[in-house]
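Single-structure report; data block below.
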């Protein structure tokens, strides 16, 4: 059974329809990437999972359970963690306090988890007492991901985790995504850096105008001449 | 010089402590619930009258009944939040600001209706000041007010920096949206904000009542200096609010010191204008306050 499934989701903000029937799924252990042109509804599709959107039809299910239109605070408790593209950390809290807040809904002792994550993100262990707002862009992104991972979520949603980062950090974030995924957490992410993202992805979806346009394994999308022409800056052999 | 300490600086610090306690509530509500709570002075007023009644009823010292009075005041504030502010949680801010303005008028009227409008005293009799070095005169109530303020501030510091709910309050003050996405129970944070604000407002009001007297306009008179203190310190910075409160308290008092010649520099009747002037100046030149607060 898929961890997460969107079935013909239609919705938007207020009266503006953005998604016109998007379907996708994430299976256990997968990295799934959503790519597409600006305004295609990539981030919106992700927000639909997280209850940040009013869906007029369609269905979102988590481990087979219907979570359509469930408010975000509930979705978190069901084990979905979402890292927004911007404002994804609490800048005036220290790194460690940020991670503690990530564990807010946990009733048990989160210290072991904290130590685990410091091993995955060594720079954070070093800067644990530092105010998160003073970190560099890449490190902030690490805080945001580590914060979301505190809950040991069933699935992690990442909205353009490498946006605005230097190429060096971009590579680092992609390798962290792989590391996090290797610990068993499936990941659904929206990415602008489509080529790099598809390389680490098991599968990908191409959204255009709020609808599914292409889908397939990361490699097959990279090899598809039409996809390459439209979204990967031409030239299938990257 | 000694006159400056006795009659200007020390009273300024006392007044400043009172402003500081009130301003913490304002700055927390402003940054966490994202609105300017005009009813905060009236929370103070309500706390003072509840304390007065408990003192009359039990014959105990105001400081001893203060925890009970603060608890009752907090219950009233939580009820007000539930009934009058919560429905506007997702509405444009101006609505809840106006609701709080309405609450300000309503609470004051209820207090006037129940307790009457005549002046009251919180404590009876006159205390002799303690005299140090033959000339430095400090009244015991001033010592008590300043020490109690320090204890309360340490408690607030502990809450905000060491407890889970306190950290969540700071998190929500950073970003209410992200707090929700993170799964933080934002309604619980809101309740805690009212508990802290209501308790400190009651304490501030009672200290003011002990220092001066009780009347039904005292809350309203405190509102402007408290806002000025919160803005001076930077919205969302509780310790900025403390610094702001102390600065405004001291500046208000020393503004009437005869700095030049023998006449007060500023007629004491214009003291309230000092806080207002500081607030306007800050908003014009440095709206984020002394400690880099939020600007809405």
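Miscellaneous remarks
- Screening residue B:83 on (1) touching a helix residue (DSSP H, G or I) at 6+ places or on another chain (Cβ under 6 Å); (2) over 26 Å from residue B:209 (Cβ atoms) shows it passes everything except condition (1).
- Matching residues in the range B:186-213 - criterion: being within 14 Å of chain A (Cβ to nearest Cβ) and buried (at least 18 other Cβ atoms within 10 Å of the Cβ): B:186, B:189, B:190, B:192
- Filtered residues of the range B:113-129 (kept if in contact with a strand residue (DSSP E or B) (Cβ under 6 Å, 6 or more places away or on another chain) and at pLDDT below 80): B:129
- Residue within the range A:35-45 that is closer than 20 Å to residue A:150 by Cβ and not assigned by TED's automatic domain parsing to the domain that holds residue A:147 present: no
- Entry remark, the range A:15-38: residues being touching a residue at least 24 places away in the same chain (Cβ under 8 Å) and either within 30 Å of residue A:184 (Cβ to Cβ) or not in a strand (DSSP E or B) (or both) number 16 in total.
- Of all residues making up the range B:116-135, the number that are out of contact with any helix residue (DSSP H, G or I) (no Cβ under 9 Å at 6 or more places or on another chain), in a loop (DSSP other than H, G, I, E, B), at negative phi and exposed (fewer than 10 other Cβ atoms within 10 Å of the Cβ): 3
- Just one residue in the set B:169, B:226, B:222 is under 17 Å from residue B:34 (Cβ atoms) and assigned to a helix (DSSP H, G or I); that residue is B:169.
- Residue satisfying condition, being modelled with pLDDT of 85 or more, buried (at least 22 other Cβ atoms within 10 Å of the Cβ) and assigned to a helix (DSSP H, G or I), within set A:177, A:206: A:177
- In the range B:157-181, residue farthest from residue B:30 (Cα to Cα) [restricted to those that are more than 11 Å from chain A (Cβ to nearest Cβ) and out of contact with any helix residue (DSSP H, G or I) (no Cβ under 6 Å at 6 or more places or on another chain)]: B:158
- The set of residues from the range A:98-157 being within 14 Å of chain B (Cβ to nearest Cβ), touching a strand residue (DSSP E or B) at 6+ places or on another chain (Cβ under 7 Å) and farther than 21 Å from residue B:165 by Cα comprises A:145, A:153, A:154, A:156, A:157.
- Residues of the range A:66-97 that turn out to be more than 22 Å from residue A:134 (Cα to Cα) and at the interface with chain B (Cβ under 8 Å from one of its Cβ atoms), as a count: 5
- Filtering A:195, A:168 for residues that are under 18 Å from residue A:31 (Cα atoms) and not in a strand (DSSP E or B) leaves a single hit, A:195.
- Qualifying residue in the range A:214-225 (condition: under 29 Å from residue A:72 (Cβ atoms) and outside any helix (DSSP H, G or I)): yes
- Just one of (1) surrounded by 24 or more Cβ atoms within 10 Å (Cβ to Cβ); (2) within 30 Å of residue B:61 (Cα to Cα); (3) within 14 Å of chain A (Cβ to nearest Cβ) fails for residue B:239. It is (1).
- Set B:14, B:48, B:68: member being under 15 Å from residue B:203 (Cα atoms), touching a residue at least 12 places away in the same chain (Cβ under 8 Å), surrounded by fewer than 17 Cβ atoms within 10 Å (Cβ to Cβ) and touching a helix residue (DSSP H, G or I) at 6+ places or on another chain (Cβ under 9 Å): B:68
- Restricting the range A:48-96 to residues that are assigned to a helix (DSSP H, G or I) and without any contact (Cβ under 8 Å) to a residue 24 or more places away in the chain, the residue that is surrounded by the fewest Cβ atoms within 10 Å (Cβ to Cβ) is A:74.
- Among the residues of the range A:48-66, the ones that are at pLDDT 90 or above, out of contact with any strand residue (DSSP E or B) (no Cβ under 7 Å at 6 or more places or on another chain) and more than 20 Å from residue A:203 (Cβ to Cβ) come to 1 in all.
The values are calculated or read from the model by the stated rules, or taken from the named source; none is laboratory data. Please read all numbers here as calculations on a predicted model, not as lab measurements. Positions of Cβ are backbone-derived with ideal geometry, glycine not excepted, and every protein chain shown enters the neighbour counts.
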